[in-house]
Amino acid sequence: MSLPAVAKKDLQDTVRSRAMVVLVVLFSALVSVMAYAVRPAGEGQGFETEILLSFFVGPILVTTLVPLVAVVIGYNAVSGERESGSLKLLLSLPHSRADVVFGKVIGRAAALSLAIAVGFLVPAVVLIAIPVAFNPGAFLGYTVFAMILGCVFVSIAVGCSAAASTQRQALIGGIGIYFVFVLLWGTLTGQLLGAFESVIDPLPVSLIQVQTFLEVANPNTGIQELANAFLADQLFAGETRNQQISASAMLVFWALAPPLVGLLKFDRDDL
């Protein structure tokens with residue numbers, strides 16, 4: 001029962017943190033204001049929930065704000081306690097290092113998911129109140145995809161924290177994670193494709209296929225691909241089915257690989 005104990009304590013500590021309060025208030029306010037701002041000008045006109053989520057909430061808020069908060073609450077999960085000395089006390093209890101790493105992933109991911117769920121609650125009330133064609137199923141489904149994205153970035157950040165020897169290293173790694181996935185992915189993958197175009201040509205895959213895979217390999221792009229397909233009633237169907245399968249596989253990869261790699265480094269470190 002060591003892992004659930006670590007996860008429970010980390011969940012309680014994270015929920016009470018200032019970052020969670022800021023996320024809930026900021027996210028609720030931004031989505032509510034956005035929903036009100038793009039409402040129809042005349043009475044009797046409808047504005048579909050799916051349009052609001054696909055073209056405004058998702059690209060502007062979810063794929064920028066959620067990863068940022070996930071990195072903020074995850075980068076010091078292990079390194080912070082390691083630097084303060086409380087990690088030795090934690091490991092003196094019947095907890096393995098794997099319990100610590102994955103317990104913190106589960107606890108902080110659960111806390112962020114709860115914050116996102118609450119953050120979407122107020123906008124849902126606003127959407128019901130203003131003249132929109134409100135679709136509660138679509139809104140709830142999109143909330144779940146936002147929660148999944150948050151959990152993936154928490155896993156990446158905690159993995160980085162477990163591998164870092166100091167909190168400063170973990171902070172630099174967290175900043176790097178955000179810049180690479182949120183701000184620089186398109187530029188980096190474009191340069192990579194340009195550099196290896198001659199290598200790809202003889203392979204039994206086209207350059208377009210490799211480019212598509214690299215796009216959905218980014219958790220941000222992958223979750224947006226799945227969410228938009230869901231809103232269009234095309235989840236794991238239609239022309240983008242293969243991209244959606246690839247995106248799902250990469251989300252699983254990013255959720256598991258960074259904590260495992262971080263644990264391998266953490267296990268070898270002398271505290």
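Overview of values
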{"item": "Filter result for PHE102 (at pLDDT below 80 and assigned to a helix (DSSP H, G or I))", "result": "no"}
{"item": "Residue check, ALA124 without any contact (Cβ under 8 Å) to a residue 40 or more places away in the chain, touching a Pro at 6+ places or on another chain (Cβ under 8 Å), surrounded by fewer than 21 Cβ atoms within 10 Å (Cβ to Cβ) and outside any loop (DSSP other than H, G, I, E, B)", "result": "yes"}
{"item": "Single residue of PHE181, PHE196, PHE230, PHE236 found to be within 23 Å of LEU52 (Cβ to Cβ) and not aliphatic (A, V, I, L, M)", "result": "PHE230"}
{"item": "When residues of segment 176-191 are limited to those that are surrounded by 13 or more Cβ atoms within 10 Å (Cβ to Cβ) and closer than 13 Å to THR212 by Cα, the one modelled with the highest pLDDT", "result": "TRP185"}
{"item": "Whichever residue in segment 127-153 is over 19 Å from the mean Cα position of the chain (by Cα) and within 16 Å of ALA29 (Cα to Cα) and, among such residues, is surrounded by the most Cβ atoms within 10 Å (Cβ to Cβ)", "result": "LEU127"}
{"item": "Tabulated pairs, segment 207-221, first without any contact (Cβ under 8 Å) to a residue 24 or more places away in the chain and within 21 Å of LEU68 (Cα to Cα), second of a type in the set (Ser, Thr, Tyr) and outside any loop (DSSP other than H, G, I, E, B), C-beta under 6 angstrom, 6+ apart or interchain", "result": "none"}
{"item": "Yes/no for PHE230 being crowded, with 20+ Cβ neighbours inside 10 Å and out of contact with any strand residue (DSSP E or B) (no Cβ under 8 Å at 6 or more places or on another chain)", "result": "yes"}
{"item": "Count of segment 54-80 residues which are buried (at least 20 other Cβ atoms within 10 Å of the Cβ) and either among the hydroxyl-bearing types (Ser, Thr, Tyr) or free of Cβ contacts under 8 Å to residues at least 24 places away in the same chain (or both)", "result": "3"}
{"item": "Extreme residue, farthest from GLY137 (Cα to Cα), among residues of segment 233-271 that are surrounded by fewer than 19 Cβ atoms within 10 Å (Cβ to Cβ) and β-branched (Val, Ile, Thr)", "result": "VAL261"}
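The values are calculated or read from the model by the stated rules, or taken from the named source; none is laboratory data. Being a predicted model, the structure only gives us computed values, none of them experimental. Here the Cβ is made from the backbone with ideal geometry for all residues, glycine too, and neighbour counts use every protein chain on show.
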